[in-house]
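Input: a single structure, listed below in structure tokens.
The values are calculated or read from the model by the stated rules, or taken from the named source; none is laboratory data. The shown structure was predicted, so the numbers you read here are calculated from the model rather than taken from an experiment. Using ideal geometry, Cβ is built from the backbone for each residue, glycine included, and neighbour counts are taken over all protein chains shown.
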Amino acid sequence: MKIKKAVIPVAGLGTRFLPATKTVPKELLPIVDIPAIQYVVQEAVDSGISEVIFVTGRGKDSIEDHFDEAPELEQVLEGRGQTETVKNLRRIAEMIEVVSVRQKRPLGLGHAVLCARDLVGDEPFAVLLSDDLIEASVPCMQQLVEIFEEKKESVIALRRVPEQEVQKYGIVQGKQLSDRLYEVEDMVEKPRPQEAPSRMAIIGRYILRPEIFSFLEKVTPGKGGEIQLTDGISKLSREKKVYGYEFEGEHYDIGDKLGFVRATVAYALKRTDLKEQVREYLRTVIGEK
Ligand code: G1P
């Protein structure tokens with residue numbers, strides 16, 4: 001049972017990044033010069049996934065275009081002798097097979113995943129949320145794939161967060177099985193700190209068994225009046241085992257403005273073409289204070 005397909009919901013309106021997202025999908029906002037979604041798709045590819053299912057909405061066609069060929073652009077660049085750039089663009093178009101399905105109304109993350117049901121079929125699949133960027137020597141999704149291969153059950157990525165941040169995440173109540181592995185007993189979507197069962201937060205990487213779809217079908221609107229994926233997985237965990245894995249790596253919540261800036265700086269500092277100048281610039285800026 002290999003994980004071949006990844007569902008990536010991209011229908012969200014991105015209101016936290018207005019006015020930038022008035023006409024540009026938030027998933028295409030660049031971290032340095034690479035659209036955020038490309039890092040996420042790259043992580044899927046690096047974890048052995050061969051097909052991406054985008055759950056899209058109105059105004060999001062340019063996300064699919066980003067992973068398609070651009071012959072006119074390539075022709076112009078070829079004419080100017082920019083063969084390296086052309087190679088880079090081709091690499092993006094050849095990265096992975098892309099299909100898409102529309103989520104016609106913004107009914108929530110659980111509903112978005114349910115929209116991909118027919119394209120996923122009866123097999124376990126990955127879900128990656130593009131607001132979460134994760135830098136790791138072994139890609140976060142690959143870490144989950146390894147757990148799945150051993151357990152053959154659903155597994156979700158976890159990170160310990162400070163108490164004041166629990167209300168930004170789905171929070172897990174679980175039994176610790178080993179250093180990083182938990183068995184999920186329950187989950188609550190964005191609880192208030194006093195109601196949170198722990199500080200273990202769900203980060204946007206999941207491997208789910210196909211049974212999740214029948215549970216998502218029965219989920220009623222929860223937090224924010226939306227069909228929550230967390231509520232679906234919580235129901236699943238009562239019938240089948242669900243594991244949580246505290247992954248190794250650095251997490252950036254780029255759905256948040258500070259998180260977006262942090263990611264931009266961190267990724268720039270990892271780029272061989274930029275790191276020296278950026279480090280020098282940061283030194284001057286801090287020195288000026
Ligand atoms: C979603 C999920 C939440 C999870 C989070 C991770 O929330 O509903 O359970 O913790 O992603 O980023 P969102 O950030 O889309 O509101």
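Can you pull out every residue in segment 184-210 that is away from the ligand (no atom under 12 Å from the Cβ) and hydroxyl-bearing (S, T, Y)?
Selection gives S198 alone.
Would you check which residues across segment 162-198 are surrounded by fewer than 20 Cβ atoms within 10 Å (Cβ to Cβ) and of a type in the set (A, V, I, L, M) and list them?
L177, L181
Could you say whether any residue in segment 263-273 is within 15 Å of the ligand (Cβ to nearest atom), assigned to a helix (DSSP H, G or I) and buried (at least 21 other Cβ atoms within 10 Å of the Cβ)?
Checked segment 263-273: at least one residue is within 15 Å of the ligand (Cβ to nearest atom), assigned to a helix (DSSP H, G or I) and buried (at least 21 other Cβ atoms within 10 Å of the Cβ).
In segment 211-231, which residue that is part of a helix (DSSP H, G or I) and touching a strand residue (DSSP E or B) at 6+ places or on another chain (Cβ under 9 Å) is farthest from the ligand (Cβ to nearest atom)?
The selected residue is I212.
Can you tell me which of (1) modelled with pLDDT of 95 or more; (2) more than 27 Å from K270 (Cα to Cα) is the one T15 doesn't meet?
(1)
Suppose we filter E165, E97 for residues that are in contact (Cβ under 8 Å) with a residue 24 or more places away in the chain, more than 21 Å from Y243 (Cα to Cα), within 16 Å of the ligand (Cβ to nearest atom) and not β-branched (V, I, T); which single one remains?
E165
Quick grid of which residues meet (1) closer than 16 Å to G48 by Cβ; (2) in a helix (DSSP H, G or I):
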| residue | (1), (2) |
| --- | --- |
| A93 | no, yes |
| L107 | no, no |
| E123 | yes, no |
| F148 | yes, yes |
| A157 | no, no |
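Would it be correct to say that I49 is more than 30 Å from V188 (Cβ to Cβ), of a type outside the set (F, W, Y) and modelled with pLDDT of 95 or more?
no
Return the pair list, or none, for Cβ contacts closer than 9 Å from residues in segment 181-201 that are more than 18 Å from S154 (Cα to Cα) to residues that are away from the ligand (no atom under 15 Å from the Cβ) and assigned to a strand (DSSP E or B), at least 6 apart or on different chains.
Note: pairs meeting the criteria are P197/E185.
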